[in-house]
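**Q** This is the structure, below, for whatever I ask next.
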């Protein structure tokens, strides 16, 4: 799959960061696109309406044979990717957010003008995609205490404002709550391994290495040598004692958590 340089960009933007911030980003994208003479359409939606909005954008892009672009933090990029990858459409990113793991992985800066220029000159490369309980992730996925900490922190920031003190306070409140123990059943090539997290707040993280299927995305061109074959996943389970497991390919299913 190759880009002709005439495709329309259908940009989905998470509007949850505030009206002024969204307008600034839109203006920066507008300037770069107009200078390059490219067609584009920006859809800015609140995070809670992202799923339905992306479905509409994907339908438009499929009809126009365009490129779907996600603008937002790591969560937004993965959420949009989850709906785009089954469509076979090219996918690009304009990374934002605090950690910017996805952008850093593919060498794309969080600066909107710079990222848009990269997008305009991008070509198609296969990228690595993983799935956890049917949810697509681009770099890593976590369950347990870590995502709870992040969710609570964002809720506190919306209520009390963005500061280190608020982040610290939300973390302490989360840690002091009771946390359920999780059971992981990992199945691969007929062999099953059962692991349980510590009730005090276990964390599990999967880092994407490669998916069985090729998925094409428009990015800076930093290919990671993926040829479409099944690669390796790395899983870290933090319980009473830290353990590291590695297994090739994709895992099967379990009754509590499917990896």
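**Q** Those residues that are buried (at least 20 other Cβ atoms within 10 Å of the Cβ) and part of a strand (DSSP E or B), I need them from segment 135-144; list them, please.
**A** Selection gives 136, 137, 141, 144.
**Q** Sticking with this one: Which ones in segment 1-46 are more than 15 Å from residue 95 (Cα to Cα) and part of a helix (DSSP H, G or I)?
**A** 19, 20, 23, 27, 30, 31, 32, 33, 34, 35, 36
**Q** Among the residues in segment 194-201, are any in contact with a strand residue (DSSP E or B) (Cβ under 6 Å, 6 or more places away or on another chain), modelled with pLDDT of 80 or more, part of a strand (DSSP E or B) and not assigned by TED's automatic domain parsing to the domain that holds residue 77?
**A** Checked segment 194-201: at least one residue is in contact with a strand residue (DSSP E or B) (Cβ under 6 Å, 6 or more places away or on another chain), modelled with pLDDT of 80 or more, part of a strand (DSSP E or B) and not assigned by TED's automatic domain parsing to the domain that holds residue 77.
**Q** Does residue 38 qualify as being modelled with pLDDT of 90 or more and surrounded by fewer than 15 Cβ atoms within 10 Å (Cβ to Cβ)?
**A** It is false that residue 38 is modelled with pLDDT of 90 or more and surrounded by fewer than 15 Cβ atoms within 10 Å (Cβ to Cβ).
**Q** Those residues that are under 30 Å from residue 171 (Cβ atoms) and assigned by TED's automatic domain parsing to the domain that holds residue 29, I need them from segment 113-135; list them, please.
**A** Answer for segment 113-135, where residues must be under 30 Å from residue 171 (Cβ atoms) and assigned by TED's automatic domain parsing to the domain that holds residue 29: there is none.
Residue-wise test of (1) touching a helix residue (DSSP H, G or I) at 6+ places or on another chain (Cβ under 8 Å); (2) under 12 Å from residue 13 (Cα atoms).
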| residue | (1), (2) |
| --- | --- |
| 52 | no, no |
| 63 | no, no |
| 67 | yes, no |
| 79 | yes, yes |
| 83 | yes, no |
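Each row is one residue, and each column tells you yes or no for (1) in contact with a strand residue (DSSP E or B) (Cβ under 9 Å, 6 or more places away or on another chain); (2) surrounded by 19 or more Cβ atoms within 10 Å (Cβ to Cβ); (3) assigned to a helix (DSSP H, G or I); (4) not assigned by TED's automatic domain parsing to the domain that holds residue 105.
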position: 146; (1), (2), (3), (4): yes, no, yes, yes
position: 151; (1), (2), (3), (4): no, no, yes, yes
position: 155; (1), (2), (3), (4): no, no, yes, yes
position: 159; (1), (2), (3), (4): no, no, yes, yes
position: 162; (1), (2), (3), (4): no, no, no, yes
position: 167; (1), (2), (3), (4): no, no, yes, yes
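**Q** With the requirement that a residue be surrounded by 24 or more Cβ atoms within 10 Å (Cβ to Cβ) and over 15 Å from the mean Cα position of the chain (by Cα), what does segment 90-114 give you?
**A** Passing the criteria: only 90.
**Q** Against the definition (in contact with a strand residue (DSSP E or B) (Cβ under 6 Å, 6 or more places away or on another chain) and within 21 Å of residue 102 (Cβ to Cβ)), how does residue 45 come out, yes or no?
**A** No; evaluated as a whole, the condition is false for this residue.
**Q** Within the bounds of segment 185-192, is there any residue that is more than 25 Å from residue 74 (Cα to Cα), surrounded by 14 or more Cβ atoms within 10 Å (Cβ to Cβ) and either touching a helix residue (DSSP H, G or I) at 6+ places or on another chain (Cβ under 9 Å) or at pLDDT 70 or above (or both)?
**A** So far as segment 185-192 goes, yes, one or more of its residues are more than 25 Å from residue 74 (Cα to Cα), surrounded by 14 or more Cβ atoms within 10 Å (Cβ to Cβ) and either touching a helix residue (DSSP H, G or I) at 6+ places or on another chain (Cβ under 9 Å) or at pLDDT 70 or above (or both).
**Q** Quick one: how many residues across segment 17-34 are loosely packed, with under 12 Cβ neighbours inside 10 Å and under 22 Å from residue 3 (Cα atoms)?
**A** Residues in segment 17-34 being loosely packed, with under 12 Cβ neighbours inside 10 Å and under 22 Å from residue 3 (Cα atoms): 1 in total.
The values are calculated or read from the model by the stated rules, or taken from the named source; none is laboratory data. Computed from a predicted model, the values in this text were never measured in an experiment. Using ideal geometry, Cβ is built from the backbone for each residue, glycine included, and neighbour counts are taken over all protein chains shown.
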